[in-house]
1. Run the quick spin-label model on Leu92 and Ala146: label points 7 Å from Cα toward the beta carbon, then report their separation in nm to one decimal.
2. Could you derive backbone 3J(HN,Hα) for the stretch 124-138 from the dihedral phi with the Karplus parameters 6.51, -1.76 and 1.60 (θ = phi - 60°), listing whole Hz in sequence and x where the residue is Gly or Pro?
3. Report the calculated FRET efficiency for Tyr177 and Glu153 (r = Cβ-Cβ distance, R0 = 45 Å), to the nearest 0.05.
4. For the stretch 165-183 and the stretch 112-153, what is the centre-to-centre distance using only Cα atoms, to the nearest Å?
5. Suppose the chain between Ile68 and His85 were pulled fully straight at 0.36 nm per residue; how much longer would it get relative to their current alpha carbon spacing?
6. Using DSSP to call loops (not H, G, I, E or B), can you name the chymotrypsin sites (Phe, Trp or Tyr not before Pro) in the stretch 62-92 whose Cβ has at most 15 other Cβ atoms within 10 angstrom?
7. May I ask you to rank Arg67, Arg181 by accessible area, largest first, using a 1.4 Å probe over the protein chains only?
8. Which loop-located chymotrypsin sites (Phe, Trp or Tyr not before Pro) does the stretch 138-203 contain, where loop means any DSSP state but H, G, I, E or B and the Cβ has at most 11 other Cβ atoms within 10 Å?
Amino acid sequence: MNSQSHFTEAGPNLHPDPTSRRHQLIPFAFALLLAGVLMPAGAADVTGEKTEKPSVWDAPEPWRTDRIYFQTSVYTAHFNPSPDHVNNQHLLNLEWRFQDRPRYGQWVAGLAGFANSFGQPSQYLYGGWLARPFDKLQPLYFKITAGVLHGYEGEYKNKIPFNSSGYAPAVLPSMGYCINRFCSELVLFGTAGAMLTLGLTLP
């Protein structure tokens, strides 16, 4: 009887306390959590590979991905020239190109300041669509913009239609071609004439 009692006191505990078991698992769970947090960093250090994001300045065809376009005028020709016409427009045009360069086109918006055909300071606020319809000639594009034109005043106020308030609607079609970040456009301004521009795209 005494030996049985002695075995029970000195022998292993067949029913351990559940609370003590949970306490033993806490350090193990913490170690697993820490390993999971540090594992990606450790793997990167072992391989020595860097996953740096490519610079937008290194794009192989920047005219596809650049968002900003800035251009100026280099030549203007009027179809029916008159002594009042000015052929140096001093164009400053800033344009934003939306989206991630869809395959056949994208929306654009911009603001242009220039001297109109009669030398008056003018502005053109617009939106439009730029399309690249030819798969094998993607640097070539066609663009059409529509917006509000301001600046034709005084004796030249009626030289453009619907300008009674000093603000008139305008639609300008153009075509362009890009080489790297440099682009050139041929812009038609109605039946009055055409303008050749030179511009630069920026990320």
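The values are calculated or read from the model by the stated rules, or taken from the named source; none is laboratory data. The structure presented is a predicted model; accordingly, all values stated were derived computationally and were not measured. In this analysis, Cβ positions are derived from the backbone assuming ideal geometry, glycine residues included, and neighbour counts consider all displayed protein chains. These area figures cover heavy atoms from the full protein model, side chains too; ligands, DNA and RNA do not enter into them. Shrake-Rupley method; radii C 1.70, N 1.55, O 1.52, S 1.80 Å.
1. About 2.9 nm separates the two model spin labels.
2. 9, 9, 8, x, x, 10, 10, 10, 10, x, 10, 4, 8, 9, 5
3. Efficiency computed from Cβ-Cβ geometry: 0.80.
4. Value for the Cα centre distance between the two parts: 2 Å.
5. On the way: separation 17, 0.36 × 17 = 6.12 nm, distance 3.10 nm.
Additional length available on full extension: 3.0 nm.
6. Details: sites: Trp63, Tyr69, Phe70, Tyr75, Phe79; in loops: Phe79.
Sites meeting the loop and neighbour criteria: Phe79.
7. Numbers: Arg67 60, Arg181 25 Å².
Result of the area sort, largest leading: Arg67, Arg181.
8. Details: sites: Tyr141, Phe142, Tyr152, Tyr156, Phe162, Tyr167, Tyr177, Phe182, Phe189; in loops: Tyr152, Phe162.
Answer by residue number: Phe162.
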